[in-house]
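Have a look at the structure below before the remarks.
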Amino acid sequence: MNDTIRHILARRSYRQFNENVVLEDDFEIILKCGIYAPTGRNKQNLFFIGLKDKEVVKKYKELFDKDIYYGARYIIVILKRFDDPLTELNVGAAMENMLIASEALGYQACWIHHSIDLNEPSKKAKIKELFSLDKEYEILDSIAIGHSDNKTPASLVRNTLHDKII
């Protein structure tokens, strides 16, 4: 089986991470895989912030009521540069690229939707300051990356009721 297909089929969401380090080169490759994802009409309306500094990650996590990142030390946040009707599709492509890249490099990851909770006005200003942004941006999604001591979660049965090749 082709390695890419093997990684797609092996990818799982992990919801517990330990403190082990993600190599800087690997973290940059995972981020780059998100950046290189296709975007509708090549508008490239997304931008990415990789969080690896322990203090920044800690301050970022403090913006939530609980640790929605399951103890992960490494987080990638996707933000919107400008409005585009295909934004949600663009984010999905970027997230999938990063999740597969994480799997291929031997890391565990989890797609975290709750990061959008930071788009309320009181938290947007804090994000702008924490990320040293020139203006307020909308957070679209994020991913937790790292190592897990948990065994690989089982694959759920897929609903193939109406899937077919004609």
For the chain, built as a Gaussian network whose Cα springs stay under 10 Å, the top-fluctuating residue of Thr152, Thr39, Thr87: Thr152
Stokes-Einstein D in µm²/s, Kirkwood radius over Cα pairs - the range 44-109 at 25 °C with 0.890 mPa s viscosity: 184 µm²/s
The chain - mean residue ellipticity at 222 nm from DSSP helices (-39,500 (n - 2.57) per run, n ≥ 4, rounded to 500): -10500 deg cm²/dmol
Whole-number percent relative contact order across the range 20-98, with pairs defined as alpha carbons under 8 Å at least 6 apart: 47 percent
Total formal charge among the other residues, if their Cβ is under 12 angstrom from that of Tyr69, Lys/Arg +1 and Asp/Glu -1: +3
Share of Cα-Cα pairs in the chain lying beyond 30 Å, as whole percent: 17 percent
Percent accessible area from carbon and sulfur atoms, the chain, protein chains only, probe 1.4 Å: 52 percent
Distance violations [Cα-Cα > 32 Å] among Lys66/Lys164; Lys32/Lys128; Lys128/Lys151: Lys66/Lys164; Lys128/Lys151
Choice from Ile68, Ile76, Ile143 with maximal GNM fluctuation in the chain (Cα, 10 Å cutoff): Ile68
Span from the the range 122-166 Cα centroid across to the the range 33-98 one, whole angstrom: 7 Å
The chain: most fluctuating residue of Leu118, Leu156, Leu133 per GNM, C-alpha cutoff 10 Å: Leu156
Of all DSSP beta bridges in the chain, antiparallel share, percent nearest 5: 95 percent
In sequence order, calculated HN-Hα J values of the range 106-122 (Karplus, 6.51, -1.76, 1.60; Hz; x Gly/Pro): x, 9, 9, 8, 8, 6, 10, 7, 5, 4, 5, 4, 7, 8, 6, x, 5
Surface per residue (accessible, 1.4 Å probe) for the chain, Å²: 62 Å²
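The values are calculated or read from the model by the stated rules, or taken from the named source; none is laboratory data. What you see is a predicted model; the values in this text were computed from it and never measured. Neighbour counts run over all protein chains shown; Cβ positions are idealised from the backbone, glycine included. Calculation scope for accessible area: heavy atoms of the full protein, side chains included, ligands and nucleic acids excluded. Shrake-Rupley method; radii C 1.70, N 1.55, O 1.52, S 1.80 Å.
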